[in-house]
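Below is one structure, written out as structure tokens, with a few remarks after it.
Taken together, the values in this text are just the output of simple stated rules run on the coordinates, not laboratory data. None of these values were measured; they are calculated from a predicted model. Using ideal geometry, Cβ is built from the backbone for each residue, glycine included, and neighbour counts are taken over all protein chains shown.
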């Protein structure tokens with residue numbers, strides 16, 4: 001296989017054979033050495049002043065072409081003159097060479113930047129014989145700058161006619177095969193940089209992610225919330241049922257944990273008089289990896305004084321509609337085989353009503369834990385010896401209900417046993433003022449009327465300590481500083497936590513959480 005054939009071979013041939021890939025690398029390194037010897041080292045170039053992106057250039061040409069056509073009417077000479085006038089503009093783009101069609105003294109290459117691709121026409125008579133000779137030695141994957149004028153080819157494609165081309169960075173390794181992209185998911189996640197290069201739709205997902213988070217911020221800022229930052233390294237990782245990661249802080253000779261939640265510090269700020277606060281940040285949970293879980297993920301929590309979980313439902317419904325409309329242009333969202341309607345009022349069910357509807361068991365009629373365990377045995381629901389009636393109700397919900405909640409549904413009024421930081425329902429003290437929003441069978445957020453009674457909160461912590469001692473590794477521990485904050489007095493407060501990654505999954509129609517994380521957690525190759 002000669003150098004010329006290797007350089008311009010289809011990319012699927014390039015990556016098919018390891019020996020060929022290694023040979024390509026060798027040839028590319030030789031090309032780099034030759035460039036350096038000629039004083040053309042591309043890695044010494046520090047900047048390139050492009051004046052447009054590919055998408056902007058395409059939009060410009062389409063608009064100017066439409067204007068010229070409209071002004072010329074039936075006058076063909078005026079039309080031709082107008083189209084020639086467009087060519088007087090000098091444009092500079094920069095990006096990566098993604099394909100190459102060699103036609104001898106004229107070549108077509110595709111250059112992709114962060115916005116789109118652009119076909120570039122490179123002709124020897126325009127850039128000069130010596131420069132064209134050097135250009136023909138470049139490779140797919142090289143990063144280049146192009147200066148020229150924009151036109152439409154006979155086949156109708158808007159293109160840049162090159163007057164000057166500049167090699168800005170040399171690609172020393174071949175890209176994956178051209179026509180099918182990088183398909184192996186494991187490799188895609190490990191080499192996200194390659195994935196972004198060869199799979200343009202992946203880039204769209206992460207641009208959408210950025211827009212979703214920006215839209216959330218705009219919405220909350222307009223509602224009078226302020227964004228804050230709280231510690232990631234904590235002595236007591238509370239606020240959620242999860243196992244923390246642990247590490248050691250050498251300077252203080254202290255064992256610390258990575259936070260599993262944002263809750264307890266944000267509530268301290270409510271006590272301090274910041275009545276509407278939110279934080280968007282990474283949290284860390286020492287758990288497994290699947291399509292919906294990653295040990296580090298992005299959580300948003302917000303707290304609002306002088307409201308309750310009904311206020312959180314209203315805020316959530318309005319915010320989801322706002323973000324979907326702003327980012328997707330609609331509140332009707334396709335996801336897998338379903339169509340999710342965020343425009344309709346979200347359904348509201350208590351957990352007891354949901355279990356009765358889908359499992360046929362009315363826990364209002366279940367007298368105690370003993371009877372709940374008997375029914376669980378009959379229904380084949382596994383439980384642990386420490387579980388109480390409230391725990392078993394939640395197990396029934398997970399077993400029989402979640403998968404049915406496709407359209408947006410608020411599931412309300414959880415048992416107190418699984419809600420250690422939530423205010424009890426005054427008329428039903430075994431249950432709390434809490435809801436979870438489910439869409440497509442997945443929990444999207446979790447909200448409370450926050451517990452602000454320090455005496456009750458201490459008793460809940462004590463119960464959590466007992467659960468931890470009996471084998472529940474995810475139980476909370478007593479936080480004395482937080483209790484002291486509550487003793488100073490916290491107003492009635494509504495609070496909520498949103499899984500940002502799951503919201504991005506929904507709005508980008510992504511099947512797995514790793515599809516919306518730029519660098520998901522992966523098992524080491526070795």
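The figures follow:
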quantity	calculated
Ellipsoid semi-axes in whole angstrom, largest first, where each is sqrt(5λ) of the Cα gyration tensor of the stretch 86-136	19, 15, 10
Computed lengthening from residue 69 to residue 226, 0.36 nm per intervening residue step minus Cα-Cα distance	51.5 nm
Separation of the residue 90 and residue 103 label points, Cα + 7 Å toward Cβ, nm	2.6
CD proxy at 222 nm, helix term only [per DSSP H run n ≥ 4: -39500 (n - 2.57); per residue of the chain; nearest 500]	-12000 deg cm²/dmol
Degrees between helix 369-379 axis and first principal axis of the chain (Cα, 0 to 90, nearest 10)	50
Crossing angle, helix 454-469 versus the chain [Cα axis fit, 0-90 degrees, rounded to tens]	80
FRET efficiency for residue 293 and residue 465, using Cβ-Cβ distance with R0 set to 25 Å, rounded to 0.05	0.45
Virtual spin-label span in nm between residue 43 and residue 483, 7 Å along Cα→Cβ	6.0
Proxy reagent accessibility, fewest Cβ within 10 Å first, across 419, 210	210, 419
Sequence ranges 62-68, 439-445, ranked by mean other-Cβ count within 10 angstrom, highest first	439-445, 62-68
Per-peptide average of other Cβ atoms within 10 Å, ordering 375-382, 245-252 highest first	375-382, 245-252
Proxy reagent accessibility, fewest Cβ within 10 Å first, across 339, 120	339, 120
Pairs of Cα atoms farther than 26 Å apart, the stretch 3-180, %	35
Residues 258, 525, 483, 266 arranged by fewest to most Cβ contacts within 10 Å	525, 483, 258, 266
Tilt relative to the chain, helix 76-86 - C-alpha long axis, 0 to 90 degrees, to 10	70
Euclidean distance between Cα centres, the stretch 242-279 to the stretch 377-448, Å	25
Projected label distance in nm at residue 403 and residue 330, using a 7 Å step from Cα toward the beta-carbon	2.9
